[in-house]
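The block underneath contains the structure these notes are about, expressed in structure tokens.
Just so it is clear, none of the values below were taken in a lab; they were calculated from the coordinates. Owing to the predicted nature of the structure, the values given are computational and were not obtained by experimental measurement. All Cβ positions, glycine included, derive from the backbone under ideal geometry; neighbour counts span all protein chains shown.
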Amino acid sequence: MMQLVGNPASPFVRKVRVMLLETGQEDEVEMITAATSPTNPAPEAVAANPIKKIPALIRPEGCTLYDSRVITRYLDARADAGLYKETRVWEVLTLEATADGLMDAAVLMVYEGRVRPENMQYEGWIDAQWGKVEGALDALESRWMSHLRGPLDAGQIAVGCALGYLDFRHGERNWRKGRGALDDWFAAFSQRESMVATQPAG
Ligand SMILES: N[C@@H](CCC(=O)N[C@@H](CS)C(=O)NCC(=O)O)C(=O)O
């Protein structure tokens, strides 16, 4: 049985879990919960990934996989699910990279507040990370809506998890303002069983 080192609060882990549900592979992976942070890495994360991040996918045969983009692509190939369709694979990967970049910035903002001592926190740096989030949101709203509305793919899954993370950790920043198309798309996408089942809490 494969093992997923992860945590339900992580948007990168959620991407993998949504992919497992959407491709019918959820029963083939056991979840190993790891509470990790840059300054206090979980032993499970350290053992599975030299970069000490989650998710990592431990396979009985073959090397342990990281990071999330490698895992989602592997799971798609394993199930022959077509969520990285060959005819538009570069668009799908770029959309996924956009969502992942948004998540990276949004996660770093949370770490800045939680992991760094208060007198070492730098407002300008936090604002700059939020600037990246907004850049990604604006690109989604202005350039990616028709792709997002098309048949399900890995790029959409990543965007769904990224927006879910903004609601979870940065709700007060009101990402929906001026982005009505993306807001509508996310309202519908959030209703998918895979999204409902993986909603972060706490
Ligand atoms: N590029 C990585 C990012 C994963 C990531 O940042 N995970 C966070 C949790 S949301 C983590 O493990 N952080 C611990 C650390 O930064 O050391 C991926 O796509 O898997």
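Does the chain come out rounded, prolate or oblate, given a ≥ b ≥ c as the square roots of the eigenvalues of its C-alpha gyration tensor, rounded meaning a/c under 1.5 and, failing that, prolate meaning a/b above b/c? Since a/c reaches 1.5 but b/c is at least a/b, the shape of the chain is classed as oblate.
Helix check for the chain. Which DSSP H runs span at least 27 Å along their own axis by Cα, with a mean Kyte-Doolittle hydropathy no less than -1.0? Within the chain the helices that satisfy the rule are 89-114, 123-143. Peptides 173-179, 152-158 ordered by packing proxy, namely the average of other Cβ atoms within 10 Å per residue, highest first: 152-158, 173-179. The order of THR87, THR33, going from fewest to most other C-beta atoms within 10 Å of their C-beta, is THR87, THR33. Each of ILE51, GLY113, SER10 was scored by the projection of its Cα onto the charge dipole of the chain, and the greatest displacement toward the positive side belongs to GLY113; charges sit on the C-beta of Lys, Arg, Asp and Glu. Counting other Cβ atoms within 10 Å as a rough exposure proxy, the listed residues TYR111, TYR122 run TYR122, TYR111 from fewest neighbours to most. Considering only DSSP beta bridges with both partners in the range 2-79, what is the antiparallel share in %, to the nearest 5? Antiparallel bridges make up about 45 percent of those DSSP assigns within the range 2-79.
If only the Cβ of Lys and Arg carry +1 and only the Cβ of Asp and Glu carry -1, the dipole of the chain around its Cα centre is close to 200 debye.
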